[in-house]
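To start, the structure under review is shown below, and the notes come after it.
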Amino acid sequence: MNPTFAHALRATALAAALATGAAQAQTSERESLEVLRQTTLQLIEALVQQGVLPADKAQALIAQAEAKARAAVAEQKKTEQNTVRIQYVPESVRQQIANEVREEVVAQAKAERWGDVNAVPEWVDRFRFDGEIRVGYQRDMFDEANAPEFVFLTAGQNIGNTLIDRNRERVRARLGVTARVTQDITAALRMSTGSSDDPVSTNQTLGSYGNKYNFALDRAYLRARSQDFMPWMTTTAGRIPNPFFSTDLVWDDDLNFDGLALQFDDPAANARVWRPFGVVGWFPLQNLERSSFNEARSKSLLAAQGGVEWVPSNDLRAKVGLAMYDYRNISGVRNDAGDFTRDATQPAFRQKGNSLFNLSSPVDFAGPFGLAADYRLLNLTAALDYTLFNPVHLIVSADYVRNIGFDREKAFARSGLDLDKQDTGYMLRVAVGMPTMLLKGDWQLSLAYRYLEADAVLDAFTDSDFHLGGTNSKGFIVGAQYGLSRNTWMSARWLSSREIGGAHRTGSQVSNLPLSINTFQVNFHARF
């Protein structure tokens with residue numbers, strides 16, 4: 001409460017109490033005088049009736065008394081004009097007012113830390129810091145029957161190694177801060193290791209000859225949710241965390257989004273069994289300035305998701321969401337002969353797997369390469385969390401995606417490639433143990449199978465670990481985690497994958513290029 005307003009309120013209360021006391025005093029005085037007047041008149045009348053006092057003498061006595069009373073009242077009024085009166089306030093009222101004023105002053109002193117030179121300023125309480133460091137080892141193992149890398153490179157696929165095993169020591173560091181600007185608005189920043197050219201990995205490979213690592217701005221956003229105006233909507237804008245209910249089949253866990261997201265949910269839903277939710281968003285992917293040297297249009301993503309969570313008890317919950325992801329201006333456009341103004345229709349970042357065609361004319365084997373297909377994804381995601389016995393959970397998640405924007409005829413007209421229809425992906429994962437590693441002794445075991453065809457999703461944004469990133473892959477993932485102490489744990493994973501179909505297409509011919517990769521990862525995590 002504002003101190004000035006509070007003191008004014010106390011003064012008003014004191015004035016009211018004084019006025020009440022004065023009014024009560026005046027009322028009591030008038031009542032006493034009236035009782036005395038009536039008693040005197042009745043006494044005189046009784047004396048007249050008994051013959052003790054003649055009637056004329058009684059009337060004269062009453063008239064004399066009234067004249068003296070009027071004179072006394074006039075004198076009293078004259079005296080009161082020059083007299084300052086202090087009204088009586090009951091002790092209980094004075095004590096109540098004093099207690100309330102004292103409590104408010106003490107509360108204000110605590111909030112503003114009066115006289116405490118060692119206290120942390122109030123504004124510090126509005127900030128929350130969090131971070132994580134992960135140090136690990138990764139071994140990538142390639143099958144001897146894999147096709148050589150140059151064959152993939154001529155098709156535009158980003159594959160630098162297909163035959164020689166590799167060992168890497170890696171580190172990931174993150175540091176974030178969230179600030180409560182007002183009751184309705186928060187601001188957040190997060191810094192992270194990793195390459196600024198890779199949106200799906202924040203890992204840093206050790207062994208840089210002593211050079212320093214990049215530590216870049218990974219998130220920067222404002223989030224608003226009004227308590228009074230549309231309290232069921234949250235608005236997030238900037239470089240934001242993934243707002244969708246999803247798995248890494250479509251979106252890598254390290255991916256953040258540039259743009260605007262509106263998230264809808266009922267603030268009172270936590271008390272209900274059925275809890276609906278929704279998300280809509282617009283996300284620019286690549287902003288391009290058109291000119292006589294560039295005919296490419298800016299690329300973007302429009303997305304929407306709706307779903308419901310079912311929570312019948314504390315031991316069981318299930319969630320399902322259906323999403324549509326519509327990419328705009330994402331496919332390539334071939335240059336005219338001797339021209340280069342459509343080079344920027346190639347994606348700014350790729351992993352591997354999507355169907356590509358050469359944009360140069362005449363053909364330059366160095367590219368650039370554009371996407372042959374359009375991408376409009378329909379994605380169905382579901383999860384079930386059941387407490388077997390506290391705190392051990394059974395967690396089952398499933399994901400299905402289909403590129404309903406894939407059109408074989410349009411792709412042929414655009415690229416000259418007669419593509420196989422590889423537009424579907426799915427994943428199933430089962431985990432037993434604790435949902436998150438918080439305490440010493442927490443554990444989790446998991447098994448997953450995933451299948452992702454070449455043009456089912458945009459290969460730039462899917463998981464960067466399985467098959468070393470990208471699409472056109474299938475296989476298993478086995479994982480284990482164990483808590484060493486509070487917010488400290490070890491994890492290990494074995495990822496075994498191979499190709500689904502050919503990645504090198506020329507005309508109507510499809511060459512089956514084998515690519516099998518096994519990856520072993522072990523990591524030590526510390527969160528703060």
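Per this entry, ALA413 is counted among residues that are under 19 Å from GLU295 (Cβ atoms) and open to solvent by 30 Å² or more (accessible area, probe 1.4 Å). Counting the residues of region 351-364 that are touching a residue at least 12 places away in the same chain (Cβ under 8 Å) and open to solvent by 40 Å² or more (accessible area, probe 1.4 Å) gives 1. Among residues of region 253-272 that are within 27 Å of THR462 (Cα to Cα), those with a Cβ under 6 angstrom from a residue that is assigned to a strand (DSSP E or B) and open to solvent by 70 Å² or more (accessible area, probe 1.4 Å), sequence gap 6+ or separate chain, pair up as GLY259/TRP282; LEU260/TRP282. The set of residues in region 193-215 being surrounded by fewer than 17 Cβ atoms within 10 Å (Cβ to Cβ), closer than 15 Å to ASN256 by Cα and touching a strand residue (DSSP E or B) at 6+ places or on another chain (Cβ under 6 Å) consists of SER196 alone. Does ARG429 satisfy being under 19 Å from ALA147 (Cα atoms) and either at pLDDT 95 or above or open to solvent by less than 40 Å² (accessible area, probe 1.4 Å) (or both)? Against the criterion (under 19 Å from ALA147 (Cα atoms) and either at pLDDT 95 or above or open to solvent by less than 40 Å² (accessible area, probe 1.4 Å) (or both)), ARG429 does not qualify.
What are the residues in region 326-364 that are basic (Lys, Arg) and part of a loop (DSSP other than H, G, I, E, B), if any? Spell out how you get there, then give the answer.
From region 326-364, those basic (Lys, Arg) are 328, 334, 342, 350, 352; that's our starting set.
Of everything in region 326-364, those that are basic (Lys, Arg) and part of a loop (DSSP other than H, G, I, E, B) turn out to be ARG334, ARG342, ARG350, LYS352.
Filtering region 441-454 to residues that are buried (at least 24 other Cβ atoms within 10 Å of the Cβ) and either among the aliphatic types (A, V, I, L, M) or touching a Lys or Arg at 6+ places or on another chain (Cβ under 8 Å) (or both) leaves ARG450, LEU452, ALA454.
For region 381-391, residues that are buried (at least 17 other Cβ atoms within 10 Å of the Cβ) and free of Cβ contacts under 8 Å to residues at least 60 places away in the same chain total 0. If we scan region 171-192, do we find a residue that is in contact (Cβ under 8 Å) with a residue 60 or more places away in the chain and open to solvent by 90 Å² or more (accessible area, probe 1.4 Å)? No, every residue in region 171-192 fails to be in contact (Cβ under 8 Å) with a residue 60 or more places away in the chain and open to solvent by 90 Å² or more (accessible area, probe 1.4 Å).
Looking across VAL135, VAL200, VAL151, VAL171, one residue alone is within 35 Å of the chain's Cα centre (by Cα), β-branched (Val, Ile, Thr) and under 24 Å from LEU356 (Cα atoms). It is VAL200.
One line per residue, one yes/no per condition, for (1) in a strand (DSSP E or B); (2) touching a residue at least 60 places away in the same chain (Cβ under 8 Å):
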site: ALA366; (1), (2): no, no
site: ASP374; (1), (2): no, no
site: HIS393; (1), (2): yes, no
site: VAL401; (1), (2): yes, yes
site: ASP418; (1), (2): no, yes
site: GLN422; (1), (2): no, yes
site: LEU428; (1), (2): yes, no
site: ALA448; (1), (2): yes, no
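For region 269-282, the condition holds for at least one residue, the condition being that it is within 25 Å of LEU380 (Cα to Cα), out of contact with any Ser or Thr (no Cβ under 6 Å at 6 or more places or on another chain) and in a helix (DSSP H, G or I).
Screening SER298 with (1) under 22 Å from the mean Cα position of the chain (by Cα); (2) under 25 Å from ASN379 (Cβ atoms) gives one miss only, at (1).
Out of curiosity, is TRP123 within 40 Å of the chain's Cα centre (by Cα), aromatic (Phe, Trp, Tyr) and modelled with pLDDT under 75? Criteria not met by TRP123.
If you take just the strands (runs of 3 or more DSSP E) that sit entirely in region 450-513, which of them hold at least 2 residues that are β-branched (Val, Ile, Thr) and modelled with pLDDT of 95 or more?
On the way: elements: 473-485, 488-498, 504-506, 509-511.
Where strands (runs of 3 or more DSSP E) fall fully within region 450-513 and carry at least 2 residues being β-branched (Val, Ile, Thr) and modelled with pLDDT of 95 or more, they are 473-485.
If a residue has to be open to solvent by 30 Å² or more (accessible area, probe 1.4 Å), touching a strand residue (DSSP E or B) at 6+ places or on another chain (Cβ under 9 Å) and of a type in the set (Asp, Glu) to count, how many in region 303-347 make the cut? Counting residues in region 303-347 that are open to solvent by 30 Å² or more (accessible area, probe 1.4 Å), touching a strand residue (DSSP E or B) at 6+ places or on another chain (Cβ under 9 Å) and of a type in the set (Asp, Glu) gives 3.
The values are calculated or read from the model by the stated rules, or taken from the named source; none is laboratory data. Remember, it's a predicted structure, so these values are computed and weren't measured experimentally. FYI the Cβ positions are ideal-geometry reconstructions off the backbone, even for glycines, and counts take in every protein chain you see. We work out accessible area using only protein heavy atoms, side chains counted, and drop any ligands, DNA or RNA first. Shrake-Rupley method; radii C 1.70, N 1.55, O 1.52, S 1.80 Å.
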